[in-house]
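Q: Take this structure, written in structure tokens, and hold onto it; I'll ask about it next.
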Amino acid sequence: MTSFSTPTNRQNTPLLSPNQLQFLIDRQEVLLLDVREVAEYQADHIAGSHLYPLSQITQLPLPASDRPIVLTCQSGMRSQKAATQLQQRGLTITELQGGLNAWKQQGLPTIGQTANAPISLMRQVQLVAGSLVLISIILSLTLAPTWLGLSAFVGAGLVFAGLSGTCLLANVLAAMPWNRG
């Protein structure tokens, strides 16, 4: 792989800028793994990337390649988690700094099948969490105030997701048949 001076993240995983990655993709010097979920990948991804969902990473076989592995996700959070898991399995990993968001900010191309893809996982989480809160408020006003506990539970889950970077609801939704493609 062409050598670049690259920063590292908190786990000392090397990071590539979007332009560095584009250079390496053009030269076919890396294996790019997208660790987002099926629906997100179908909607929008970097040409030449391979789907390797974080929710399934422990069950998937190790990628077979003689090229260095670069991980990407939407913003960089999931690729950090995936890097840790793959490094524990003995792989050397590099990440796209800032993920697909940074890639797009640089004006680099993506491909996808937006018309056929389900809505993004984050929007699904928002819809489910918002619906649960709304339903619990309606039920607490019409049936019993104890239904507010559901809103508190959903709120606590969202706080946990924000603090930990792990959304349990997203993990559940990612396992649903419409998100497995």
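Q: Using a 1.4 Å probe on the protein chains only, how many percent of the accessible area of segment 15-112 belongs to carbon and sulfur?
A: 50
Q: Per residue, how much accessible area does segment 15-112 show when a 1.4 Å probe rolls over the protein heavy atoms, in square angstrom?
A: 44
Q: Right, something else. Give the long-range amide H neighbours of Ile69: residues separated by 5 or more places, or on another chain, with amide H under 5 Å away, using H modelled in the peptide plane at 1.01 Å from N.
A: The answer is Leu31, Thr94.
Q: Explain nothing, just the number: dipole magnitude of the chain about its Cα centre with +1 on each Lys and Arg Cβ and -1 on each Asp and Glu Cβ, in debye rounded to the nearest 20.
A: 220
Q: Now for a different question. Give, in nm to one decimal, the length gained when the segment between Gln106 and Gln126 is fully stretched (0.36 nm per residue of separation minus the Cα-Cα distance).
A: Answer, rounded to one decimal: 4.4 nm.
Q: Using only the Cα atoms of the chain, what are the Rg and Dmax in Å?
A: Expressed in Å, the Cα Rg and Dmax of the chain come to 18.7, 65.
Q: Still on this structure: Quick one: ranking Ile69, Ile119, Ile138 by accessible area, 1.4 Å probe, largest first, what do you get?
A: Descending order: Ile138, Ile119, Ile69.
Q: Okay, next question. Return one number: the angle in degrees, 0 to 90 and rounded to the nearest 10, between the long axis of the Cα atoms of helix 77-88 and the longest principal axis of the Cα atoms of the chain.
A: That works out to roughly 60 degrees.
Q: Under unit Cβ charges (Lys, Arg +1; Asp, Glu -1), what dipole magnitude, rounded to 20 debye, does segment 15-112 have relative to its Cα centre?
A: Result for segment 15-112 is approximately 160 debye, rounded to the nearest 20.
Q: Can you tell me the 0 to 90 degree angle between the C-alpha axis of helix 121-142 and the longest principal axis of the chain, rounded to 10?
A: 10
Q: Going by amide H atoms built from the backbone, whose H comes under 5 Å of the H on His50, apart from near neighbours?
A: Those qualifying (amide H under 5 Å, at least 5 residues apart or on another chain) are Leu32, Leu33, Asp34.
Q: Sticking with this one: So between Val159 and Gln87, what do we pick up on full extension, going 0.36 nm a residue minus the alpha carbon distance?
A: Full extension of this stretch gives 23.1 nm more.
Q: Among Ser79, Ser131, Gly149, whose Cα sits farthest toward the positive end of the charge dipole of the chain (+1 at Cβ of Lys/Arg, -1 at Cβ of Asp/Glu, about the Cα centre)?
A: Highest projection toward the positive end goes to Gly149.
Q: While we're here: Could you sort His50, His45 by their accessible area in this structure, using a 1.4 Å probe and putting the largest first?
A: The residues order as His50, His45, largest area first.
Q: Could I ask something else about it? Ordering Phe23, Phe153 by how much accessible area each has at a 1.4 Å probe, largest first, what is the list?
A: Ranked list, largest accessible area first: Phe153, Phe23.
Q: On a full-extension model of 0.36 nm per residue, what is the gain between Ile135 and Ile119, subtracting their alpha-carbon distance, rounded to one decimal in nm?
A: 3.6 nm
Q: Semi-axes of segment 15-112's equivalent ellipsoid from the Cα gyration tensor, sqrt of 5 times each eigenvalue, largest first, rounded to whole Å?
A: Value: 19, 15, 12 Å, ordered largest first.
Q: Hey, got the Cα dimensions of segment 121-175 along the principal axes, in Å, largest first?
A: Extents along the principal axes: 34, 19, 15 Å.
Q: So what are the ³J(HN,Hα) numbers for segment 150-157, from phi and the Karplus equation (6.51, -1.76, 1.60; θ = phi - 60°), rounded to whole Hz, Gly and Pro as x?
A: Using θ = phi - 60°, the values come out as 5, 4, 4, 4, 5, x, 4, x Hz.
The values are calculated or read from the model by the stated rules, or taken from the named source; none is laboratory data. This is a predicted model, so every value here is computed, not measured. Positions of Cβ are backbone-derived with ideal geometry, glycine not excepted, and every protein chain shown enters the neighbour counts. Note: accessible area is taken over every heavy atom of the protein model, side chains too, but ligands, DNA and RNA are not part of it. Shrake-Rupley method; radii C 1.70, N 1.55, O 1.52, S 1.80 Å.
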